[in-house]
1. Taking only Cα atoms, what is the 0 to 90° angle, nearest 10, from helix 313-324's long axis to the longest principal axis of the chain?
2. Pairs of Cα atoms under 8 Å, at least six residues apart: use those to get the relative contact order of region 74-222, whole percent.
3. Taking amide H positions as placed 1.01 Å from N in the peptide plane, with prolines and chain starts having none, which residues 5 or more places from V166, or on another chain, fall under 5 Å of its amide H?
4. Using the Karplus curve 6.51 cos²θ - 1.76 cosθ + 1.60 with θ = phi - 60°, what ³J(HN,Hα) values do you get for each residue of region 23-34, in whole Hz, with x for Gly and Pro?
5. Give me the percent of the accessible area of region 17-147 that comes from carbon and sulfur atoms, probe 1.4 Å, all protein chains in place.
6. Helix 236-246 versus the longest principal axis of the chain: what angle, 0 to 90°, nearest 10, using Cα atoms?
7. Roughly how tilted is helix 141-159, in degrees to the nearest 10 and between 0 and 90, from the longest Cα axis of the chain?
8. What distance in nm separates the two pseudo spin-label positions at T268 and Q37, each 7 Å out from Cα along the beta-carbon direction?
Amino acid sequence: MHNQPNWLSSGLAVELVHALFEGVQLPAARRKTLLMQAGIAPRVLEQPQNRLPPAQFARLYRLLVQLFQDETPGFFSRPLRPGTLKFIGLSLLDAPNLQVALHRFAHLFSILQDDARYEIKILDDQVELRWIELRAPQASRELVHQLMLRLIHGLASWLIAEPLPVTEVAYAFAPASSVVFAFYPQVMTYHAPLSRLRLARRHLQAPLRQTKRDLQAFLRRAPADWLDVAMDQDRVVHQVRDYLMRINPAAKVPEVAQKLHKSVRSLTRQLAQEGASFQQLKDQLRRDLAIEQLGRRHLPINQLAEQLGFETSASFYRAFLRWEGCSPRTYRQRLQG
């Protein structure tokens, strides 16, 4: 097992962006322009320990899709033209259950792509979703294997409107810290004959709960929804982060504990058992939200500080300086060139 913190709890590793650019031929100036359009300060990519809000990566991904007219930008020898995933999705919605939908998806993908295919394998009480590489991808192999497994898992979870717990993940490559992004850190192994993930077989009979209207929204946000599949929802870390993100990023421990029907002491203890603290989760989320807002809007910094729950603008400045090594104002100026 490869034991890393889940990047979905602390933002995306910047190496994900470097790997995404590997499959496309772009001059440095054009890359910088795309980064700025996505709200990503190029200097952020210079430090491997930095993290990005998932929304920024999703915007960059969409920009590359538009630029190269390829929904898997630079991954394979044959592009998937914009609209491909929409028509695949439409063909799945009338399936009687998830099992039929997954088999349809795998079949359609094999028609459209020569370099790789999906395979659905039933194993006793498990179902194995396999990524079969037929030709080396043009982009980072680690990136492609991880994102393609994430795609079928995210799509399956979306189709039944339920985050599907993954019991095991294996990758057909050796771990390289610079390009392994730890989508599934608790169940991940390497050096496998092929890349695959396993789910409980019982989920295959689940009915589909999405409509054509839902599909439009899913595609409009892509790849955000299938990248950010909520995992291990029973973990207290995810429950706390979900509350902070959806309800109140400025919430204090007693408020969250009450909403989760726990005592403050119990909540604190359970977070510690999962290797986290309330303040750590709150800081990570507020950092991600701050970076996203500084890149997208011209909201006055004092108002942003208030929205994020800082008592004063000065305390927000100090926190941001600790996170990014510069003030929020300087960070915004860099984004603006």
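The values are calculated or read from the model by the stated rules, or taken from the named source; none is laboratory data. Just so we're clear, the structure is a prediction, and the values are computed from it rather than from any experiment. Cβ: placed from backbone, ideal geometry, glycine included. Neighbour counts: every protein chain shown. Each accessible area value is taken on the protein alone, full model and side chains, heavy atoms only, with ligands, DNA and RNA left out. Shrake-Rupley method; radii C 1.70, N 1.55, O 1.52, S 1.80 Å.
1. 40 degrees
2. Working: 233 pairs, mean separation 43.1, N = 149.
Here the relative contact order equals 29 percent.
3. Residues meeting the criterion, in which the H sits 1.01 Å from N, are D232.
4. Along region 23-34, the couplings run x, 10, 9, 9, x, 4, 5, 5, 4, 4, 4, 5 Hz.
5. Values: 2870 of 5650 Å².
Looking at region 17-147 in its full context, I get 51 percent from C and S.
6. 70 degrees
7. Result, in degrees: 90.
8. Result: 4.9 nm between the two label points.
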